[in-house]
1. Being hydrophobic (A, V, I, L, M, F, W, C) and part of a strand (DSSP E or B) is the filter here, so list the residues in the stretch A:250-304 that pass it.
2. Can you tell me how many residues within the stretch A:296-325 are under 17 Å from A:L408 (Cα atoms) and crowded, with 19+ Cβ neighbours inside 10 Å?
3. For A:G360, are the conditions met, namely being assigned to a helix (DSSP H, G or I) and facing chain B (nearest Cβ under 9 Å)?
4. From B:I4, B:I63, which residue is within 14 Å of chain A (Cβ to nearest Cβ), β-branched (V, I, T) and not in a loop (DSSP other than H, G, I, E, B)?
5. Of all the residues that make up the stretch A:337-357, how many are more than 11 Å from every other protein chain (Cβ to nearest Cβ) and without any contact (Cβ under 8 Å) to a residue 40 or more places away in the chain?
6. Looking at B:E364, B:E354, which is the one that is more than 25 Å from B:G555 (Cα to Cα) and at pLDDT below 95?
Amino acid sequence: MSLEQDLLVKPLTARVNLAAPQDLRTYEASGGYLALRKALKELSPADVQSRVKDSNLRGRGGAGFPTGVKWGLVPMGPDAGAKYLVCNADEMEPGTFKDRLLMEGAPHQMVEAMIVAGYAIGACTGYIFLRGEYVVAAERLNKALAEARAAGLLGQNILGSGWNYDCFVHTGAGRYICGEETALINSLEGRRANPRAKPPFPQIAGAWGRPTVVNNVESLFNIPPIVINGADWFKGLSQGKSKDGGTKLYGVSGRARRTGVYELPIGTSAREILEDHGGGMKDGYRLKAWLPGGASTDFLLPEHLDLAMDFDTIAKAGSRMGTGLLTVVDDKQNMVSVVRNLEEFFARESCGWCTPCRDGLPWSVKMLMALEQGRGHADDLAELERLTRLLGPGRTFCAHAPGAMEPLQSALKFFRAEFEAGVSPTAAKADDVHDLAQTGVLDAKVA
Amino acid sequence: MATIHVDGKQYEVDGADNLLQACLNLGLDIPYFCWHPALGSVGACRQCAVKSYRDETDKMGRIVMSCMTPASNGTYISIADDEAKDFRASVVEFLMTNHPHDCPVCEEGGHCHLQDMTVMTAHHSRSYRFDKRTHLNQDLGPFIGHEMNRCISCYRCVRYYKDYAGGTDLGVYGAAANVYFGRVEDGALESEFSGNLTEVCPTGVFTDKTHSERYTRKWDMQYSPSICTGCAVGCNVSPGERYGEIRRIENRYHGDLNGYFLCDRGRFGYGYTNLKDRPRQALINGQTVAGDVAVAAARTAINGARKTLAIGSPRASVEANYALRELVGAANFHDGHATGEGALVKLALSIVREGPVRAATITEIENADAVLVLGEDVTATAPRVALALRQAARGKGQALAAEKKVAEWQTIALADLLQRDSYPVFVASVDATRLDDIARDKLRAAPEDLARLGFAIAHELDGASPAVGDLDHRSAALARTVAEVLAGAKRPLIVSGTGAGSAAVMQAAANIAWALKAKTADTGLVLTLPEANSYGLALLDPQPLAAALAALSSGEADTLVVLENDLERRAPKALLDAALAKVKNLIVIDHSASATTARAQVVLPAATVFEGDGTLVNYEGRAQRHFQVFDPGYYDASIGLTESWRWLASVDGESRWKILDDMTAACAQAVPALAGIVDAAPNAAFRIDGMKIAREPHRYSGRTAMRANQSVHEPRQPQDADTALSFSMEGYNGTGSLDRPTELLPYAWAPGWNSPSAWNKLQQEVGGNLRGGNPGKLLFAGGATPRYFSDVPAAFVASGDAFRVLALHLHFGGDELSSRAEPIRERAIPAFVAIPRVDFAKTGANGHATVAIAGTLLQLPTRISETLPAGTIGLPAGFAGIPFLADGLMATVSGG
């Protein structure tokens, strides 16, 4: 299949070449920056927005909020003043490694997407908020930006349109919470990465108090192809597997044979992803449970494998599609240990702003550690269940702790026996409790 | 207005409030931590959760944070809902997983918001069984203790210190369950408003170190409604006493003045009253005598005098000054200010009392939308004004809130919208000030040039105000800019005062305010003053101090009565020595030992503001009563001190004035300008339910034992004939009526509310005015048509060799009384001479300099100044080792 044909089927990864990504010349020679030229010459920002709205592209960061609707909340017109486009490239979700592939493999598509999306919302500046560890991506994106700038695709009066816009890479300092869009904005401004209260939403008051749109890398990668090929083409990409349109980056990690990232029609079943593309489980391991898309999604079971991986179907099954990258848990793994590992991550990555998250997550870790070591109390399961409620949606300032509770609550539901096995028959008496605490055995080093 | 439904009942509330405010205003208790009336809502602690329902048919509801939810019309909520109650108790349980439960040894215990909220949520036992996170603490200087293990991470401290007070050296570090509030490294907190951390912190992380050294529980101290004497703002304070010592000062809420916050000088500067070497017994020629013997000696001296003169005091009460004036006659009653300063105070008085622009309250300052500070470093001379000016600058966020449809209590969102923008504040001063960081533009110039700038601004605003000839380009351009900004403002404010030592500066400020007033009704003016009762003294119309010194030097008078004053701070030493050398009998009434008491034949030991009753008149012309906190004689019968006015009544001998009310009434009757002082507070006959008001909390303990070392028989408690307050826990203690007269509120307490948050129960609406009215009585009505001042001074010209001496005002170290307090001394820097960089080389100074000033040689460390005008030097006014700085003083400077 030629690249041209490939781009119509796999618009996100067709260009990806990790060894030698396209430079400006080869990118342009293969149809790159055509979307930008088309947008600036033939389309108004409103036209670009309506194409994206018509495509019903849903945000690929995990929440699935329609990108065009998000853009539509931005004040437009000559008096709107400075506005910013921010690409959320702080990919820190455990088990998720899709955006890295795109940025390292096709940096110019990222740059073009930043410019076209910036045009659509009338931004003056774009920022790619990049995970600090992604040094290769940073290098390649900066090179691509420099090439684009030198070619007049960024800067003053881009392609004679009269529109001024530039774009920069900002590397993060390594906090998971920076993936939360308002915490990301605070971090971009040089403040502590604490989430902000909404309302006001970033589209009204975001970076430096100005209207700001934050989009995920994968979402943005879809923009140039949508501008060129149109909304109907995009909707057709899912091949009837989902009512949503487009392709989706899926992946598998854990003890599967061929872990990796695969671009497939959205709505492809989890079984196809794991068995056809991931090659199934490694020899000697059986699938016990799987996270559909990152650490902050509920566990599903092997019986759920035939579900279509799209936002609504997975939500109906009691979990979230999230980033769409499966993490598989096998029969040799203890669920308590798996969950303890996840909660330890979430406890460490709490920003420390609100009480339930800051103080509740370490508590869950300490109880899980006790259970893991066979020193749990009979009450601990009930206490953990209580935490899943107290750290649930609406109780905390942002979605961090509720996300952290998803694997815990589903593991308690599906694998209760494994938790009960960690309860010590002797530790349940209240006076033992203090002895245990005083030994320091349970002094989990969380922060 | 909006209608909301809380637990099935319907209420009318202000729809602009959030639900937490609205419910607290209704008297419905919802526990909270991170919210504070002055700091707004941030949604961090999750303590104020309530159940919110879509409509009256919704039975499910969802948990929301009341502080982050608008009280919009048709809101249905439940505070009593089981799930909401359980969640609120769980939040305290979470906080307790790391809190050390050290209440028995914690200084916050007994006035701790965390304790109150824990009780309110009914959380009592936690299931957490693991180790607690611990922190290391820091040395934050002489004022504030630090115990981070108690922290519940409400973020109030940094929000107050950085966002509200403009501090830069307290931050939040770390993340997750290891959040740390402190400095980058150990060291004294730099903000002049750091002490408010002790009240802003809802638990015992930041505590009052001056209190630690003589710690007593809140319920075991005796309090009075008192007034701070650290400057002329007259912040209301609540000093606490036990065993005859003042042990701490806390804020006493005032809706027009201090609100929730004090400055550090006011809060930590009380130690002078506890000093062991204070005169507490009458002295004749240095020998202790009985009070009546000293009174008789004073009377004999006065009766036998050729003529007796008196010098009053701007730090003594109106009553004391009036009694003194009555004793010697108005013609012989002299100003306790320095001669030049006294003239400035009278000028200020005429401007705010007779002019059309009355003095702005602190709340009005906070609401200004454009400010010019002319000639004043308010952080030193009227600190609470400086804190208010910071709020004025931030106030632009409120305007943006309306524009962007963001609620005014969404503090962080407002700051995000505002970014670094602010309402304009211009600062024109002789040297850099501590408000420069919020200044849109600054000018540093000699007082004459500051006045010229001011006159030029006034002329820009109204051509009838005199023009300034030959104004330099920079000042002319600035004058145009400032005039344009002020003219465009809805609530412009001019801040000036006596600090620059220049009448012309204040006259220029008055011209600007009056020119603005003609265009803008809400024009404000603030003139700062040298001392707490400068206006109270000036309203008694004293003769200039110079006249007294001249009359004494000439021998016209041979006896002098000095009231609460150290004359070495008021006049050049040579002049003073010449005058006092001729005095046959010097009678000094003061509470603190000074160079003046050391020279006196008769010393009558006066009560400090904490030991006596009296009235002070602040910069607004508000008469405020301060009440005695305790009776020193109760612990030590040999202590013979009493209020100055009472000493003077005894010397006067006619028994005209028996109690304070007699004194106040006599003064009010004799001096029409002071007629309002009788209404400054309820009189001694006032009762609630037939009871006097208790100075001690009803849980006060140990009373029967506290004097047992002297006698096992508990004596009768001291009786207070002067006021409606009792020296006891007996009497009205505030449980019944929340709207009693606020002048008689000794301390903050309401049932279930033991911390300073109790003030919120005593307000009409949280953060607003007190239910019983804000304390004090405004004496000035103002309103006359202005006649512009017309004496525009000539520009300052640096002379060849001699330097013009400028008085620099510092927050710590210059104030007479607070500088005697140990922690203030520790915080103050040593005296210095500031020399402009351009002049530094030619002085030959090198680290140290010799300053020759009016015949005195001073050896001082030097500071090279980037900001002082060329041809001037700066000396810290009022510092130990710095002589009296007369107006227009010149000095020469040579190598150290």
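The values are calculated or read from the model by the stated rules, or taken from the named source; none is laboratory data. Values in this document were obtained by computation on a predicted structure and should not be read as measured data. Here Cβ is always computed from backbone atoms with ideal geometry, including for glycine, and neighbour counts include all displayed protein chains.
1. A:V252, A:A256, A:V261, A:L264, A:M281, A:L287, A:A289, A:W290, A:L291, A:L300
2. First, pick out the residues of the stretch A:296-325 that are under 17 Å from A:L408 (Cα atoms): A:296-301, A:315, A:317-322.
Going one step further and asking which of them are crowded, with 19+ Cβ neighbours inside 10 Å, we end up with A:296-300, A:319-322.
Summing the residues that are under 17 Å from A:L408 (Cα atoms) and crowded, with 19+ Cβ neighbours inside 10 Å in the stretch A:296-325 gives 9.
3. Numbers: assigned to a helix (DSSP H, G or I): yes; facing chain B (nearest Cβ under 9 Å): yes.
When the stated conditions are applied, A:G360 passes them.
4. Numbers: B:I4 fails: within 14 Å of chain A (Cβ to nearest Cβ).
Just a single option satisfies the conditions, and that option is B:I63.
5. 3
6. Working: B:E364 fails: at pLDDT below 95.
Among B:E364, B:E354, only B:E354 is more than 25 Å from B:G555 (Cα to Cα) and at pLDDT below 95.
Listed here are the residues, each with its yes/no results for (1) assigned to a loop (DSSP other than H, G, I, E, B); (2) without any contact (Cβ under 8 Å) to a residue 60 or more places away in the chain.
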| position | (1), (2) |
| --- | --- |
| A:I115 | no, no |
| A:G126 | no, yes |
| A:A137 | no, yes |
| A:L145 | no, yes |
| A:D166 | no, yes |
| A:H170 | no, yes |
| A:A173 | yes, yes |
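To keep it simple, each residue is scored yes or no on (1) surrounded by fewer than 18 Cβ atoms within 10 Å (Cβ to Cβ); (2) in a loop (DSSP other than H, G, I, E, B); (3) modelled with pLDDT of 95 or more.
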position	(1), (2), (3)
B:P775	no, yes, yes
B:V792	no, yes, yes
B:D801	yes, yes, no
B:P823	no, no, yes
B:P861	yes, no, yes
